[in-house]
Structure formats: structure tokens, C-alpha cells
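Visitor: Right, I'll just put the structure down here and ask away after.
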Amino acid sequence: MSEAFETDFWKDAAQRKSWDAIIPGEARPTLPYRLTLSAIQRYCQAVGETHPLYFDEDYARKSRYGGLIAPPSIHILLMFACTPADDWMRSPGTINAGQSWSYNQPARPGDDIRLEARALDKFIRKERLFVVHDNVFFNRRDEVICSGRGWTIRPA
């Protein structure tokens, strides 16, 4: 049985860091996460991804990957799975103002995922609170699965 993700984004809102508590350069606390085949396939079904690399072991084994993998966009699931409830990135009302991702290694079922994340900068423009941040996901062999830089507009 795979674990369920919390869907009440307001539940822990009072615990999340405020704008003043976000310190550029400071590492964000993260959680390790074991990526299961069930989680990969549930994610794929939720986003309408049907490629056999994510569902068909025989097909995937004959591919250049040698087995089942997760789609590159799995970082969306991993971002929530690897961050604690009090992480400022989970704040309701956060607006994605842009992002850029690089993909290195496919995530695989059974991978123990580790996230290194931090705010790089924060600034106010036109009375909006912006944070620039980076995120790097690693597998159990310390290989980079993917890395990204994003810009978010924080709620006041």
C-alpha cells in the first residue's frame, strides 16, 4: 500500500516560514523519500502519462534504460514528498513565476531520493515578494536525477 499525500494545503500553514525568516543561501530542511513503483504509476495516471517505460517491465527492460523508470516530471511529486509540512515552498497562495529544470538520470522504482534545496535570493518588486530558489534531487548512488531553479511569488 503506498502512502497518501496530504491534500489540505492549509493544514500546516501557520507553521510555515514567513518572508522575514527566509534566508538566502540557507539550506532548507528536507526529508528522504523512497520512490515506489506504485507512486510512479499513480503519478503517471494522474497526469495522463501512458508510456510503457513507466508501466511495462518487459518493454522497459529492452529499452536503453534496462528497466522501469519514472517520467522526468516526477520532480513535481518529489518536491512535496521531500519537504516537511512547515517548508515555505508549500505555502498556500504561492505563485510559480518561472522555472528551469535539467534532467540527468531517470528516477527508478526503489530509489531513495534526497533533495538539497535553498533560497538563493529574495526581493520585492511592484509590492510582490519574490524568492529565487534551487533544488537538486539525488538517487541512492548520489547521482543527480534532476536540478532546477525557480522563481516564486510569496503570499503576503
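The values are calculated or read from the model by the stated rules, or taken from the named source; none is laboratory data. Model, not experiment: these values are computed from the prediction. Heads up, the Cβs are rebuilt from the backbone with ideal geometry, glycines too, and the neighbour counts pull from every protein chain shown.
Visitor: Of these, TYR43, TYR54, TYR65, which one is surrounded by 19 or more Cβ atoms within 10 Å (Cβ to Cβ), more than 15 Å from the chain's Cα centre (by Cα) and of a type in the set (Ser, Thr, Tyr)?
Guide: Criteria check complete, one pass: TYR54.
Visitor: Counting only residues that are exposed (fewer than 15 other Cβ atoms within 10 Å of the Cβ) and hydrophobic (A, V, I, L, M, F, W, C), which one in the range 102-123 is nearest to VAL144 (Cα to Cα)? Spell out the reasoning first.
Guide: Kept after step one, since they are exposed (fewer than 15 other Cβ atoms within 10 Å of the Cβ), are these residues of the range 102-123: 102, 104, 110, 112, 120-121, 123.
In the following step, the residues that additionally are hydrophobic (A, V, I, L, M, F, W, C) were identified as 120, 123.
Values: LEU120: 19, PHE123: 29 Å.
In this case the residue turns out to be LEU120.
Visitor: Here's a follow-up. Applying the selection to the range 25-62, what residues are hydroxyl-bearing (Ser, Thr, Tyr), free of Cβ contacts under 8 Å to residues at least 12 places away in the same chain and in contact with a helix residue (DSSP H, G or I) (Cβ under 6 Å, 6 or more places away or on another chain)? Spell out the reasoning first.
Guide: Our first condition is that a residue be hydroxyl-bearing (Ser, Thr, Tyr); within the range 25-62, this holds for 30, 33, 36, 38, 43, 50, 54, 59.
Going one step further and asking which of them are free of Cβ contacts under 8 Å to residues at least 12 places away in the same chain, we end up with 50, 59.
Correct list: TYR59 only.
Visitor: Give me the residue from the range 1-27 that is assigned to a loop (DSSP other than H, G, I, E, B) and among the aliphatic types (A, V, I, L, M) and, out of that set, modelled with the lowest pLDDT. First the steps, then the outcome.
Guide: Start the filter on the range 1-27 by keeping residues that are assigned to a loop (DSSP other than H, G, I, E, B), which leaves 1-12, 16-18, 22-26.
Applying the additional criterion that residues be among the aliphatic types (A, V, I, L, M) yields 1, 4, 22-23.
Details: MET1: 34, ALA4: 62, ILE22: 93, ILE23: 94.
Once the filter is applied, the top-ranked residue is MET1.
Visitor: Same structure again: Since GLU127 meets every condition but one in (1) surrounded by fewer than 17 Cβ atoms within 10 Å (Cβ to Cβ); (2) more than 22 Å from ILE69 (Cβ to Cβ); (3) charged (D, E, K, R); (4) in contact (Cβ under 8 Å) with a residue 40 or more places away in the chain, which condition does it not meet?
Guide: (4)
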